[in-house]
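Engineer: Next up is a structure, given as structure tokens.
The values are calculated or read from the model by the stated rules, or taken from the named source; none is laboratory data. Not measured: the values here are computed from a predicted model. All Cβ positions, even for glycine, are placed from backbone atoms using ideal geometry, and neighbour counts span all protein chains on display. Ligands, DNA and RNA are stripped out before the accessible areas are found, and what is left, the full protein with its side chains, is counted by its heavy atoms. Shrake-Rupley method; radii C 1.70, N 1.55, O 1.52, S 1.80 Å.
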Amino acid sequence: MSSTSTVGGGPRGSRRGVAGSQSTGSGGASLPRVVGGEWTKVATLRSTWVLVLVVLVLGIGVATLSGWGVSQALEAAETSGQVPPGGPPGGFQTGPTGQLVPVLSSTSLAALLLGVLGGLVVTSEYATGTITATLTAVPRRWPALVAKALVVVVLAGVVALVVSFAALLLGASFFPEDVRVGLGDDGVLGAVLGNAAGMVSVALLGLGVGTLLRSTAGTITLLVALVFVAPPLLPVFGVDWLTTASEHTPLSASLSFAQLDGSAPYGTTAAVLVLVGWAVVPLAAGLVLLQRRDA
Amino acid sequence: MIEARGLTKRYGAKTAVDDLSFTVRPGSVTGFLGPNGAGKSTTMRLLLGLDRPTSGEARVGGKRYREHRAPLREVGALLEARAVHPGRSARAHLLALARTEGIPARRVDEVIELVGLTGVARKRVGGFSLGMGQRLGIATALLGDPAVVMLDEPVNGLDPDGVLWIRTLLKGLAAEGRAVLVSSHLMSEMAQTADHLVVVGRGKLLADTSVTELTARTQDAAVTVRSPQAARLAVLLRGVGARSTTTGGADRLEVHGATAAQVGEVAGRHGVVLHELHARTSTLEEAYMALTRDSREYRTDDGARTDGDQPDGTAAEGAAR
């Protein structure tokens with residue numbers, strides 16, 4: 001078959017002799033379609049699923065180990081009559097907070113990796129040049145980023161929920177039955193959902209920072225700083241506003257849902273706002289830059 | 001149809017595209033020629049709305065690119081061939097783009113077959129050769145069956161078979177009534193494919209002409225003669241209507257308006273001794289080199305004497321020094 005007769009016959013049939021004068025045919029790049037395209041991109045990369053697997057294994061694994069470790073320390077303390085060094089506040093008289101905080105905070109590495117996943121969704125396009133294809137297909141640009149955000153929310157959301165629920169169920173399973181927290185207990189479901197929300201917030205933070213920086217290395221560095229380094233480091237200086245800042249980092253906010261003993265620096269509404277802020281502000285800034293910048 | 005009007009792009013103090021205006025009409029292949037760094041790729045990025053012009057306007061298919069709601073159906077472009085995630089398969093890459101505009105998967109398989117990648121469609125792009133990458137880029141450009149096709153250096157990395165394939169493809173696309181813009185830094189390549197030429201250098205328009213016209217211009221071939229009686233020969237040649245000028249020494253003449261045979265006959269008839277006589281036919285390539293001589297981004301110090309080289313060869317030489 002000659003190329004002349006093969007090139008045509010596309011979605012609108014051959015355009016021989018009528019080039020440029022045809023109607024747009026079956027519609028344009030609507031948001032649902034762009035979401036479909038972005039999902040195809042994410043789902044057809046092996047690295048996506050490798051990262052998801054690592055997040056699941058690490059998130060659930062570390063939380064399980066943490067639950068086991070804390071329960072062992074408690075048991076030892078109980079027999080010796082001492083509060084274990086570095087143990088949770090409240091000692092062996094452990095309440096729900098004493099179980100929820102160590103178990104759920106152990107998913108922070110998984111949250112960081114979800115942030116990397118969110119970042120890679122956009123930075124890998126800049127690294128490989130795929131962004132050119134993306135923006136020529138969606139020249140209005142914002143639908144492409146909104147679609148990426150939706151894909152990240154759904155993928156990270158499912159993974160975060162699985163990790164958070166499994167972390168609680170497995171992590172808490174080592175505690176004696178009479179004190180063990182369950183999903184039916186007051187505030188426990190909120191703590192688990194809050195933890196998942198924190199993970200999704202970090203994933204969107206990754207996407208936002210990735211859009212701003214357009215570099216994988218830069219994005220990972222900033223994520224590690226915000227998620228891992230800042231919370232323990234900032235209070236060290238003893239400066240009030242730095243301490244306050246550390247309490248408002250993404251994972252401090254998501255952990256506040258687990259602090260059922262009233263030790264949280266702020267309430268549920270504030271925590272939700274902090275998480276939404278981390279998810280949305282960098283993304284919105286990235287969106288503005290994406291619209292303005294040369295690709 | 002592609003229309004550039006006063007298109008200008010500055011990066012700081014450097015002007016990459018300088019007040020460029022040209023039109024690419026449907027039904028023909030327009031070659032976009034210029035040395036490396038002439039602003040061809042930048043112009044294409046401006047046409048596609050990837051970069052914003054400092055001033056001027058670009059319209060593709062009657063609208064600014066950004067205003068198209070289904071741009072892949074209007075304009076197909078190949079910018080950088082390897083701009084695909086190496087971990088994704090060719091088919092997945094095309095499928096993702098097709099989905100954004102509701103192009104059916106059937107069309108994806110169609111363009112894969114058209115460019116001859118069916119056998120490797122499900123392989124990861126990371127393992128592709130440069131030529132396979134180019135073919136995937138062309139498949140991407142043709143995905144939406146667009147009225148305007150824009151290809152940046154499509155023959156790069158293709159083997160002779162592939163080059164021939166591209167030529168046939170481009171002509172076929174134009175014959176179907178599409179507007180085709182193909183950039184290249186090789187005149188020899190464009191001479192065989194393009195109907196029309198837009199030549200740029202340092203971001204400026206140097207020529208907007210048909211290949212036929214440029215060929216006609218280059219037919220003005222000269223005859224070089226070396227003779228100890230050059231001055232006398234010049235007078236005799238004027239008698240038969242030929243114009244001659246002294247070049248590179250008093251005994252050398254460059255004759256216009258007479259063939260080498262005619263010059264020899266005049267000399268023989270009047271007993272003028274000739275030391276050298278040869279016809280110098282100028283090629284399209286030379287016409288292009290002459291056109292772009294002053295605007296090549298990188299040149300050897302004696303750039304004017306490297307006429308035989310291709311611009312990229314010159315560039316490589318310049319860089320090596």
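Engineer: D for region B:220-280, whole µm²/s, Stokes-Einstein with Kirkwood Rh over alpha-carbon pairs at 4 °C and 1.567 mPa s: what number? Kindly include the intermediate steps, with their values, before the conclusion.
Structural biologist: Details: Rh = 10.9 Å.
Rounded, D is 119 µm²/s.
Engineer: Something else: If you count, for every residue in A:37-45, the Cβ atoms of partner chains within 10 Å of its Cβ, what is the mean? Walk me through the numbers before you get to the answer.
Structural biologist: Working: counts 8, 3, 2, 10, 9, 1, 2, 10, 7.
If you average over the peptide's residues, the count of other-chain Cβ atoms is 6.
Engineer: What figure in square angstrom, to the nearest 10, would you give for the accessible area of B:T245 with a 1.4 Å probe?
Structural biologist: Counting only protein heavy atoms, B:T245 exposes about 70 Å² to solvent.
Engineer: Also, quick follow-up: Using +1 at the C-beta of Lys and Arg and -1 at the C-beta of Asp and Glu, which of A:L213, A:F257, A:L223 has the Cα lying farthest in the positive direction of the dipole of region A:31-292?
Structural biologist: Value: A:L213.
Engineer: Separate question: How high is the FRET efficiency from B:E286 to B:S129, r the C-beta distance, R0 30 Å, rounded to 0.05? Kindly include the intermediate steps, with their values, before the conclusion.
Structural biologist: On the way: r = 33 Å, r/R0 = 1.11.
Efficiency, from the Cβ-Cβ distance: 0.35.
Engineer: So how exposed is A:I220, as accessible area in Å² (1.4 Å probe, rounded to 10)?
Structural biologist: 60
Engineer: Tell me, what is the Rg over Rh of region B:2-216, with Rh the Kirkwood radius over Cα pairs? Present the calculation step by step, with values, prior to reporting the outcome.
Structural biologist: Working: Rg = 16.7 Å, Rh = 17.4 Å.
Value, to two decimals: 0.96.
Engineer: Binned at 10 Å from 0, what are the whole-percent values of the Cα-Cα distance distribution for the protein assembly as shown, short to long?
Structural biologist: The calculated distribution, bin by bin, is 3, 14, 19, 17, 14, 11, 9, 6, 3, 2, 1, 1, 0.
Engineer: Let me ask something else. Kindly flag which residue pairs out of B:K63/B:K171; A:K41/A:K148; B:K9/B:K40; B:K63/B:K204; B:K14/B:K40 have an alpha-carbon separation exceeding 20 Å in this structure.
Structural biologist: Pairs exceeding the cut-off: B:K63/B:K171; B:K63/B:K204.
Engineer: Can you give the percent of C-alpha pairs in region A:31-292 whose distance is more than 29 Å?
Structural biologist: Tail fraction, whole percent: 34.
Engineer: Under a straight-distance cross-link criterion of Cα-Cα below 16 Å, which aspartates and glutamates are reachable from B:K123, leaving out those fewer than 8 residues away in the same chain?
Structural biologist: Counting by Cα, and skipping residues close in sequence, B:K123 has these aspartates and glutamates nearby: B:D109, B:E113.
Engineer: Still on this structure, please answer the following. Once you've got the GNM for chain A with C-alpha springs shorter than 10 Å, pick whichever of A:G61, A:G36, A:G206 has the biggest mean-square fluctuation.
Structural biologist: A:G36
Engineer: Moving on to the next point. Simple spin-label model, 7 Å along Cα-to-Cβ: A:L183 to A:L56 in nm?
Structural biologist: Each label point lies 7 Å from its Cα, and together they span 1.7 nm.
Engineer: With +1 assigned to the C-beta of every Lys and Arg and -1 to the C-beta of every Asp and Glu, and no other charges, what is the dipole magnitude of chain B about the Cα centre in debye, to the nearest 20?
Structural biologist: On the way: 42 positive and 37 negative charges, 185 e Å.
Dipole about the Cα centre, nearest 20: 900 debye.
Engineer: Of the candidates A:R214, A:R46, A:R180, which one comes out as most mobile in a Gaussian network treatment of chain A with C-alpha springs shorter than 10 Å?
Structural biologist: In the Gaussian network model the winner is A:R46.
Engineer: Express the carbon and sulfur contribution to the solvent-accessible surface of the protein assembly as shown as a percent, rounded to the nearest whole number, probe 1.4 angstrom. Walk me through the numbers on the way to the answer.
Structural biologist: Working: 15230 of 25770 Å².
Taking all protein chains in place, the protein assembly as shown shows 59 percent carbon and sulfur surface.
Engineer: If the chain between A:V236 and A:V158 were fully stretched, how many nm would it gain, using 0.36 nm times the residue separation less the Cα-Cα distance? Working shown, then result.
Structural biologist: On the way: separation 78, 0.36 × 78 = 28.08 nm, distance 3.53 nm.
Full-extension gain reported as 24.6 nm.
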